[in-house]
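Here's the structure, in structure tokens; my notes come after.
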Amino acid sequence: SRPESFSIFVGAVCGAFLGAKLLFLAAEGWLYLGEPGWQKQWLTGKTIVGALLGGYAGVEMVKRLIGHREPTGDWFAIGVPLGIAVGRIGCLRYGCCLGEACDASNWWAQVDSQGIARWPSVPLELIFNLLFVAAVAPVALRGAGRGQLFHAYLISYGLFRFWHGFQRDTPEVFAELSGYQIGALGLVTLGVIRGWQRWREPGMLPENGGKLEVG
């Protein structure tokens, strides 16, 4: 409803697209260079972890440019995990973001298009994001945790993705960690540092008493 809100949204989208692409290229895109069809991999490859890092940076840059000082993360604390959950439905449809191969006798095993039993990486991430929304929505509507809800998401999702990275079929780039796990640690670090800085800021109560406006 306000021009500055739209500007911040555009910053988030642009930053997310750039971050998603750059982290993909750093984590595994370079492995496809010179291989058949590498151009398609570079054009289509992206990662949610990078999108979160880049999106946060994009928002902060736009806010500095337009002089917007109010917290905006609560706008994204529900919308982002819902969007990721919807995106993971597409992953289920097209068979990407696979988990490690596992014993087919495990009740939770997910069989891919090649008939290989795998860790159910996509369903677990979908469930995680829906559970976060279910947990944080009542908090947001009560007006609690103003300015910290998205930091809570960054920390919780970062920890989840770091752990989950050991179960996913992704290349290791450093000390048995994938580039996505390193990025996930970046999410945790960002959430902790910015959450601490926000907690120390005075005068965080908005005019409507801190309630999240829905409309």
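Hey, can you tell me all the residues within the stretch 1-31 that are in contact with a Gly (Cβ under 8 Å, 6 or more places away or on another chain) and under 24 Å from Glu176 (Cα atoms)? Across the stretch 1-31, the qualifying residues are Gly19, Ala20, Lys21, Leu22, Leu23, Phe24, Leu25, Ala26, Ala27, Glu28, Gly29. The residues of the stretch 128-163 that are over 30 Å from Ala101 (Cα atoms), among the aliphatic types (A, V, I, L, M) and either in contact (Cβ under 8 Å) with a residue 12 or more places away in the chain or not in a helix (DSSP H, G or I) (or both), listed by number, are Val136, Ala137, Ala140, Leu141, Ala144, Leu149, Ala152. Glu125 meets the conditions (1) of a type outside the set (Ser, Thr, Tyr); (2) open to solvent by 60 Å² or more (accessible area, probe 1.4 Å); (3) part of a helix (DSSP H, G or I); (4) in contact with a Lys or Arg (Cβ under 8 Å, 6 or more places away or on another chain) in every case but one. The failed one is (2). Residues in the stretch 128-147 that are open to solvent by less than 50 Å² (accessible area, probe 1.4 Å), within 17 Å of Gly191 (Cβ to Cβ) and more than 14 Å from the chain's Cα centre (by Cα): Val136, Val139, Ala140, Gly145, Gly147.
The single residue among Ala57, Ala51, Ala20, Ala26 that is farther than 25 Å from Leu130 by Cα, open to solvent by less than 80 Å² (accessible area, probe 1.4 Å), in contact (Cβ under 8 Å) with a residue 24 or more places away in the chain and part of a helix (DSSP H, G or I) turns out to be Ala26. Scanning the stretch 60-77 for residues that are open to solvent by 40 Å² or more (accessible area, probe 1.4 Å) and either of a type in the set (Val, Ile, Thr) or touching a Phe, Trp or Tyr at 6+ places or on another chain (Cβ under 9 Å) (or both) yields Ile66, Trp75. Filtering the stretch 72-91 for residues that are touching a residue at least 24 places away in the same chain (Cβ under 8 Å) and not in a helix (DSSP H, G or I) leaves a non-empty set. May I ask you to list pairs of residues, at least six apart or on different chains, whose Cβ atoms are under 6 Å apart, with the first in the stretch 165-191 being without any contact (Cβ under 8 Å) to a residue 24 or more places away in the chain and over 14 Å from Thr47 (Cα atoms) and the second being open to solvent by 70 Å² or more (accessible area, probe 1.4 Å) and of a type in the set (Asp, Glu)? Listed by first residue and then by second, the contacts come to nothing, as the list is empty. When each of Trp42, Trp30, Trp38 is tested for being over 24 Å from Val192 (Cβ atoms) and either modelled with pLDDT of 90 or more or touching a Leu at 6+ places or on another chain (Cβ under 8 Å) (or both), the lone residue that passes is Trp42.
The values are calculated or read from the model by the stated rules, or taken from the named source; none is laboratory data. As the structure is a prediction and not an experimental result, all values here were calculated from the model. Heads up, the Cβs are rebuilt from the backbone with ideal geometry, glycines too, and the neighbour counts pull from every protein chain shown. With ligands, DNA and RNA removed, areas are computed over all heavy atoms of the protein, side chains included. Shrake-Rupley method; radii C 1.70, N 1.55, O 1.52, S 1.80 Å.
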